[in-house]
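Where a number appears in this text, it was derived from the coordinates with a stated rule and is not lab data. From a predicted model like this one, the values you see are computed outputs, not experimental measurements. Glycine gets a Cβ as well: all are built from the backbone with ideal geometry, and neighbour counts include every protein chain shown.
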Amino acid sequence: MSVTSNSPQPNDGRHNLGEGIRALRAKWGWIVALGVIFMVSGVIALGSVAIATASAVLIVGIMMIVGGVMEVIAAFSVKEWGKFALWMLLGVLYIAAGIICFTDPFAAATILTLFLGVALMVGGIVRGFLAWHVREAGKPWGWVAFSAVITLLLGLMIVAKWPTSSFYTLGIFLGIDLIFIGSGWLTIGLALKKRT
């Protein structure tokens, strides 16, 4: 009588995390290069924030057009007329907003910057309430409160300087984001190199 086991066999074609990391080790140089490219792109974006702002708006425009097309395609799978019309309207609005991002990037940047400033202000207020509740629960709340104040002040600065802030805010955010992404990839690549 043979006993069968449900445990996976060693050579069943499945990859575990360790095998994935071993495969990445051979590519550590490419990962470091990618990190450097992202960081250099971030520095260039911070050096010319107006162009970076236009680039950020174009990226948002592409995402809106793709999202709008997907909404329109999804609308045809809906059988109820009301839901079909709503999905179709949303898709068309997304596509129209994406086209505006391409035809007049700085007008779109003005609207996006205002939305960003208001969102940061609301986020700061919400984090402030969260810090207050965390404090009442007797848990560490200092960093949450600090984050709330910084977020609120950043939103207030963007809205106070609007619409002038529209020409540089998104570019600054894009540049900083690229630098952080690049530093993350650079750190991962160097950590993989140390493990070789």
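Go ahead and set up a Gaussian network model of the chain, Cα springs under 10 Å, then flag whichever of 115, 106, 84 fluctuates most.
Result: 84 has the largest fluctuation of those listed.
Give the relative contact order (percent, whole number) for the chain; include only Cα pairs under 8 Å separated by 6+ residues.
Reported as a whole number, the value is 37 percent.
With axes computed from alpha carbons, what is the tilt in degrees of helix 142-160 against the longest principal axis of the chain, rounded to the nearest 10 within 0 to 90?
40 degrees
What value, in deg cm²/dmol to 500, does the helix sum -39500 (n - 2.57) over DSSP H runs of n ≥ 4 give at 222 nm once divided by the residues of the chain?
It comes out at -28000 deg cm²/dmol, rounded to the nearest 500.
Is the C-alpha gyration tensor of the range 66-160 telling us rounded, prolate or oblate? Criteria: a/c under 1.5 is rounded; beyond that, a/b larger than b/c is prolate, otherwise oblate.
oblate
Over the Cα atoms of the chain, how large are the radius of gyration and the largest Cα-Cα distance (Dmax), in Å?
Values for the chain (Cα only, Rg and Dmax): 23.7, 81 Å.
Which of 59, 39, 188 sits closest to the plus end of the dipole of the range 31-189, meaning its Cα is farthest towards the positive end, when Lys and Arg get +1 and Asp and Glu get -1 on the C-beta?
188
Let's test the formula: R0 of 22 Å, r as the Cβ-Cβ distance of residue 22 and residue 187. What FRET efficiency results, to the nearest 0.05?
The formula returns an efficiency of 0.70 here.
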